[in-house]
Structure formats: C-alpha cells, structure tokens
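Only one structure is covered here, and it is reproduced in the block below.
Readers should treat all values here as calculations from the given coordinates under stated rules, not as data from a laboratory. Quantities reported herein were computed from a predicted structural model and do not represent experimental measurements. Glycine gets a Cβ as well: all are built from the backbone with ideal geometry, and neighbour counts include every protein chain shown.
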Amino acid sequence: MEFNKEIFEKSIDIVIFGATGDLAHRKLFPSLYNLYTDSSFKDKFNIIALGRIDSSNSDFTSRFNDTIPQKKERDDFYNRIKYFKCDFTKKSELIRLKVELDKVCNSRIFYLALPPAIYNETISSLIDTGLNIPCKEHSTFTRIILEKPFGHNLESSIELNKTILSGFSEKQIFRIDHYLGKEPVQNIFSFRFANNIFENIWNKDYIDNIQIKVLEDMGVEDRGAFYDANGALIDVFQNHILQILSILTMEKPHEFKEEYIREEKNNILKSIIYESSLKAQYKGYKEENNVSSESKRETFIALKLKIQNDRWSSIPIYVQTGKYLNEKRTEISVIFKKNGSRLFKGSNKPNILKFLIQPDLGIELNLLGKIPSVSDYILSDIDMLYKYSDYFGELKSEYEKLLIDCILGNQINFTRSDEIENAWRLVDKIENDIKNISPIIYEPRSKGPSNLDEFIKKDSRNWE
Ligand code: BG6
C-alpha cells in the first residue's frame, strides 16, 4: 500500500471517546490493532482511550484479549494505549486532555463512540476547549469521527449538525457508516461507472424493480434499551440501506471526488418517496432485557419506495431488514424487465443481477440458457458468479479501511450533513406512519412475518 508520506511525518493521536463501550471492544480496537501491525502505520499513532469508569491501563487493555488474537505484537500495541477516566461532557476535563495533547502537538482524530444522548454536549465541550483547532494549523490536522445514530430524528440531526459545524468544518467531520467500508458496497461505484454494458441499461426502461435485503439471525442481544428506542427502521434503514440505495441509483458524478459523489447521493436521498410498509416483531422480543412489555417497536420492516426522477420514476424499490431471522445475509437484487418474446419454452425468469455483500462477497448474474439436447430449445436458469475469493486475498475490515480513509482525509465513504438530514426527512415520515401500528408477530429464526410474500405479490412480483 502506498500512502502520501507527508501524512506520516507527524504522529497522530487517536482519541477514543467511549473506549469502554461495546463498539470499541468488538470493532474499533481490533481494527486499530490491525492498523498497528501494518508496516505503513506502525509507530505512526498513539491511542488515548477515554471512558467513564476507573481502570488501570493494564485492566483496560486486557478487555481486548478476546477480540485481539494473541500475536507477538499485541503487547507492543497495548503499550501504545493510554487509558484515562473522563467525563466527556465537562469542559474542565477536556482542558486537561488539551494540556496533554498540546505537549506533543500531533495531528488528532477524535473518535466519538458514545451514547447519542451525550453527543451534543461532548462536541460543544470539544469546541469550547479549542480542541477543534489543529495544534499547528498548517502542519497538523484535527478530525472528528462520529458513530451512528446521528440524531434520532430530523430535528435532532439538524441541531447536532449545527453544533458540530459551529466549530468543525465539513472537511474535518467524518460521519461513519460502516457499510460504506464494505468492499462489495464500494465496488458498486466501479461496477456501474466502469462497465459500459450496465450503465446504459441502468434505468426504468430496462429495470423492473430493485430489492435490498439486510437480514440478521441474532436478536437484540444486550442492546434492548437502544433498540426499543429505535427499531429496524432507524437502526439499519436510515443509514446502511439508504446509503446503499443512493450509491446504486445515483447519477454519474462529474469526477470521482467526494464533493461530486456526495452531491449525487444527496440528490437521490431528496427524491425518495415512501409508498407502503410492513411492520413486524419477533415473538419474545417484549421479554428481552430493557424492552418495554408493551413495546410496538419493529424488529423487522419491509418497505416499498420510489425515486422521483427521470431515471427511476416508475420503478418500485423494495427493502426488508430485520433481526432474529433464519439467516444473516445482505444482498441487492436488480431485477430486469422480462424479455417479451416467447421464442422458447421453459423458464422465463427475468435476468437478475445480485450484489452479494455478505456472508458471500461477489456479484451474480442470473441468465437464461438452452438446456443441452438434440433438437429441443428449452430454457433453464443459469448463473454467472464472480467471487471475491477467486481473485483477491484477505480483505481489510470495514472499520480499518474507514480509519485509514480518515487518516488520509478521504471523505468519499463518509456522509455529509445534508445527506443525513435528507435521510431523516424520509425516515421521520415513515416513522410517523408506522409508530401506532401494532406489529405482526413472527417466529424467531423464520423468514419474517407470514404475509411478507403477499406484500410484494400484490404488485405481481416476488422476493428474489
Ligand atoms: C449496526 C446495527 O449498525 O449494523 C446493528 O446497529 C446491526 O443492529 C449491524 O447488527 C449490522 O452490521 P453488519 O456489518 O454485521 O451487517
């Protein structure tokens, strides 16, 4: 990997707010460890871990023994981490942090992996303390990474954007959506805009409908309180699915640069309209820890959407996402219009292009082909499959890639303030429409509610 050398002439202090949380444990520190073992980054960054509990450095680092594999470098990595107890919302505590950081005057990345309720206050304290300003304005940078959810509705996201933009410029802000770090999601750009055969038919004249599925096999586990306040719509649709959809349907950017890409994605987010929904909850959800026994919260949602622009106007977009289903799978299906002629007997399935995001990574194209025989011309369904594993070795994790992007100042895979607000504008409408509806109950480890097929069959279509 080749990186701009200048970036690494100075070390970087990565300051994690919420270092004792679940995200830090499962994703962030293992990714930082991988970064540390990459020769381009070794010795280039220090980690300052901030949490609200008292802990010695060694007790803090030993938390990661189960998520960071025992390798020779692990102890060296642990030595790079300094843990401090800190009340993030208190200006006096952040002044102490500033004094320490100013002693070395490195570039800084503040990573906020905090409960959404304390985002505003923490960001305000960072700004009031002057931590938003690079230590030496011309030779170092200061950036901030924000975990989702960014607000809990349109109003709160506008307020949060206002707070952060009062001290940080958009160039300094990295709103993270880990789906944008997934290799097959990033590949949608190149697939669409580098392969001429597809871009020319990427519209309502050739495509019949689009389907996006983000299916999960686990329940809410120990996140009952968070989940009961949010549900599938906010947890996954508001961010991951809308981001995928905007990349899949956006116009070609003028150049492959963040400002053009974010503009085109935002145009899509402004044009999505909501038509109908199916809300469901898995049996037993109301007995989960920290979930209200009266909860109407959806653990599954299916939606029908449209995009109001010349390219897409009439075609439906169906999405489904939920927890405690019979599989963990994320995929996007682009279903083409059927070939009208009936020259041949046999299958008349439409051509379907599938972006396989996980657990398999790849692209599948479903076609029709002649069944070998002497004189009959009968069609069968056949598949062409591109598997990442056939071409490329081990891939970096989403978080690792996004951390590198942030270090390099590359914002292509991060969302801009207006994208977030337009996503909320749509989600608020849906949330208003569904909030008083009692969810349909589905069996854990099933395909979801029993009327899921009906939801799409009434448009004479099937889930693919
Ligand atoms: C997170 C959601 O953003 O994405 C979780 O909060 C969900 O509820 C997770 O489980 C899914 O991510 P992935 O990468 O496992 O599909």
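Quick notes on this one:
- Here the range 287-372 is treated as a sphere whose radius is the Kirkwood value from Cα pairs; by Stokes-Einstein at 37 °C and 0.692 mPa s it diffuses with a coefficient of 195 µm²/s.
- P(r) tail fraction, the range 305-464 - alpha-carbon pairs more than 25 Å apart, %: 55 percent
- Taking the convex hull of Cα positions in the chain, its mean projected area over all directions (nm²): 24.6 nm²
- More than 16 angstrom apart: percent of Cα pairs within the range 37-77: 46 percent
- Top positive-direction residue, dipole computed over the chain with Cβ charges, set T415, P439, S58: P439
- The range 144-204 - Kirkwood radius from inverse mean 1/r over Cα pairs (Å): 14.3 Å
- Rg to Rh quotient for the range 1-115, alpha carbon positions, Kirkwood Rh: 0.96
- Tensor-based shape of the range 385-464 (alpha-carbon gyration tensor, a/c under 1.5 rounded, otherwise prolate or oblate): oblate
- Cβ crowding within 10 Å averaged over residues, with 452-458, 371-377 ranked highest first: 452-458, 371-377
- For q = 0.17, 0.19 Å⁻¹, Debye-computed log10 I/I(0) when each Cα of the range 61-166 counts as one equal scatterer: -0.94, -1.07
- Stokes-Einstein diffusion for the range 208-302, with the hydrodynamic radius set to the Kirkwood value over Cα pairs and evaluated at 37 °C in a medium of 0.692 mPa s, equals 214 µm²/s.
- Placing dummy labels 7 Å off each Cα toward the beta-carbon, the span from K370 to N462 is 2.5 nm.
- Where no second cysteine Cβ lies under 4.7 Å, the cysteines concerned in the chain: C86, C406
- Legend: residue pairs K401/K447; K257/K396; K328/K396; K136/K265; K72/K396; K82/K162, Cα-Cα distance threshold 27 Å; pairs beyond threshold, K401/K447; K136/K265; K82/K162.
- Solvent-free Debye scattering, log10 I(q)/I(0), computed from the Cα coordinates of the range 116-234 at q = 0.20 Å⁻¹: -1.14
- Under a model in which nothing but the beta-carbon of Lys, Arg (+1) and Asp, Glu (-1) is charged, the chain shows a dipole of about 400 debye around its Cα centre.
- You can think of it this way: the chain between K306 and T89 has 74.0 nm of extra reach, that is 0.36 nm per residue less the Cα-Cα gap.
- With the alpha-carbon atoms of the range 213-363 aligned to their principal axes, the span from lowest to highest coordinate is 55, 48, 30 Å, starting with the largest.
- Most positive-pole-ward Cα, V99, I207, V220, against dipole of the chain from beta carbon charges: I207
- Amide H contacts of I16 (H built 1.01 Å from N, in plane; Pro and chain starts excluded): I48, A49, L50, Y111 sit under 5 Å, all sequence-distant by 5 or more or on other chains.
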